Each structure stands twice: as C-alpha cells, then as structure tokens.
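Asks: Mind having a look at this structure? Questions to follow.
Just so it is clear, none of the values below were taken in a lab; they were calculated from the coordinates. Quick caveat: nothing in here was measured; it's all calculated off a predicted structure. Cβ sites come from the backbone with ideal geometry, for glycine too, and all protein chains shown count toward neighbours.
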Amino acid sequence: MKTSLLLFCLLSATPAIVLAADTVTTVPVHFAQGASSTTIKGSFKGYDTVLYTLSAKAGQHMKVGVSGSSNANFNLFAPGAKPGESTALGSGAVGQDWNGALPASGSYSVQVYQMRASARRGETVNYSIRFAIE
C-alpha cells in the first residue's frame, strides 16, 4: 500500500515527457562549377530546422542571406561547433544578412529556424537562402 501510494505521488508530480523529436534536415551546399554563390529554396514547419553544410577556408569571406517568410532566421556555426551546444559565429533573418571573414578552414553549418512563438503555432516557413563565398 505504501509503495503504491509513493509511486502514485511520484508519477503525479512528474511532468509528462514528450517523446517526439523535432526534425533536423541536413542539406549539403554545392556551388556550380566556377560559381561563388548559390540560392536554395526550402520549407519547414513548427520546431523543425534545416541545417546547411558547406566547406570554406580560413580568410575567405562568406555572406548568408535569407528571404521569404518573415519567420525565417538563421545561425552560422564554425567548423566543429554544433547548434544547441555551441555559440553561433553569426546570425541573421529576413533583411539582416550576415557577412564576414571566416576564422578557420572546414565545414560550416547554417541552421535555419523560426522563433518559438511561431514554431509553437506550427507555422510553415517558406524561404530562400543565399550563400556566397569569395
């Protein structure tokens, strides 16, 4: 009896655990031969994100810009850095491009996401993202 009561109290005081995981779609970025930029169209919904990966060398300049839905935002991560575990090298949103010199050679990641308020409503984000490396 005491064990059942204790178990009931513990379970009723413990918040429900959500088992569904948000989808992260990884997309490698490739430039056409001789090109230094490319634009990719994408879409996601709710808390899902899209993670673009592209290689660059230290000292090169990268520009990232997103257009389309006003809910589209992005974070840029240096080689070895991971979204949710590391500080972003830069960030941007519609009308707020990121442009800068790259500190290291390797694979950079650009995470496209939407803010929590619109993600919670399950809104769909249609966007285009442009990458340029010089």
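Asks: Which net charge results when you count Lys and Arg as +1 and Asp and Glu as -1 among the other residues whose beta-carbon is under 15 Å from that of S118?
Replies: Once positives and negatives cancel, what remains is +1.
Asks: Here's another thing I want to ask about it. Can you give the Rg/Rh ratio of the stretch 65-123, where Rg is from the C-alpha atoms and Rh is the Kirkwood radius?
Replies: Rg/Rh for the stretch 65-123 comes to 1.01.
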